[in-house]
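This report concerns only the one structure given below.
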Ligand code: AP5
């Protein structure tokens with residue numbers, strides 16, 4: 001099993017670039033944020049628990065996300081290639097991922113792309129983000145606009161702002177990123193799988209840098 005990871009602050013552009021890479025390669029995007037939002041939409045018990053954490057801009061407990069992603073990967077085969085987006089987010093999650101890959105597939109994480117962007121870019125990207133509540137497509141009012149203002153290009157639904165994209169929650173998500181996730185840069189650097197990407201350019205430029213190394 002090939003497992004690569006996109007690591008970076010909220011709004012760095014992980015989900016956007018992962019979707020593009022999925023279109024162009026055999027890598028399958030696995031986004032824990034998207035999976036949790038699906039659980040919320042289904043109003044499952046896990047979704048209710050996750051919503052409380054996500055609305056505060058805090059992380060969902062490690063065991064919950066590790067079980068969720070392990071179950072998803074267990075449906076695949078040893079030949080699959082996964083691009084993890086938004087997971088792992090704590091050292092405990094990273095250690096558990098290493099253990100699952102080693103025990104179940106005899107493999108390890110092959111590359112971790114750290115999408116490095118300034119805090120002002122992240123805030124600019126998040127504040128203009130709009131998403132389709134029906135098909136999950138992601139837009140930006142200035143950088144990735146819909147063809148018709150406010151309407152999803154793919155399914156025609158009205159696009160909305162994510163509930164955790166309001167200013168106060170965003171500030172907390174950034175604090176949580178610095179406190180709990182940023183240390184993973186060194187975790188993976190020490191394992192010699194870290195690839196640093198200057199993610200301040202266009203979506204296509206970011207994708208090109210990653211595709212060159214995948
Ligand atoms: P999640 O959905 O993963 O949010 P995130 O990591 O905070 O990342 P974002 O989705 O905000 O940003 P992104 O980097 O994907 O950027 P995007 O491509 O959309 O998680 C949400 C919540 O779920 C968490 O807060 C937590 O509660 C919980 N959770 C998830 N995973 C968890 C885990 N492992 N453990 C515990 N809890 C977990 O781009 C942003 C905007 O910029 C878009 O508008 C896009 O169009 C635009 N854009 C993208 N690239 C560019 C570019 N190059 N130039 C200009 N604009 C761009």
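Nothing in this text is a laboratory measurement; each read-out follows from the coordinates by a stated rule. Everything quoted here is computed from the prediction, not taken from an experiment. Neighbour counts are summed over all protein chains in view; Cβ atoms, including those assigned to glycine, are modelled from backbone coordinates with ideal geometry.
Structural remarks
- Helices in the chain, meaning DSSP H runs of at least 4 residues, each add -39500 (n - 2.57). Divided by all residues, the mean residue ellipticity at 222 nm is -13000 deg cm²/dmol.
- Angle between the chain longest axis and helix 45-56 axis [Cα atoms, degrees, rounded to 10]: 70
- Angle between the chain longest axis and helix 203-213 axis [Cα atoms, degrees, rounded to 10]: 10
- Of the residues 198, 164, 79, the one with the fewest other Cβ atoms within 10 Å heads the list, and the complete ranking is 79, 198, 164.
- Principal-axis tilt of helix 14-24 within the chain, Cα atoms, nearest 10 degrees: 70
- Expressed as a fraction of 2.2 N^0.38 Å, the C-alpha radius of gyration for the stretch 27-75 is 1.10.
- Sites residue 161 and residue 204 - FRET efficiency at Förster radius 25 Å, r taken between beta-carbons, to 0.05: 0.50
- Note on residue 190 and residue 28: with the Förster distance fixed at 45 Å, the Cβ-Cβ geometry gives a FRET efficiency of about 0.95.
- The stretch 151-214 shape via C-alpha gyration tensor axes, a/c threshold 1.5: oblate
- Overall form of the stretch 109-179 per C-alpha gyration tensor (a/c, 1.5; a/b vs b/c): prolate
- Average Cα contact separation per residue, the stretch 75-214, under 8 Å, 6 or more apart, as relative contact order %: 30
- Cα shape, the stretch 1-126, gyration tensor, a/c 1.5 rule: oblate
- With neighbours defined as other Cβ atoms within 10 Å of a residue's Cβ, the residues 126, 160 order from fewest to most as 160, 126.
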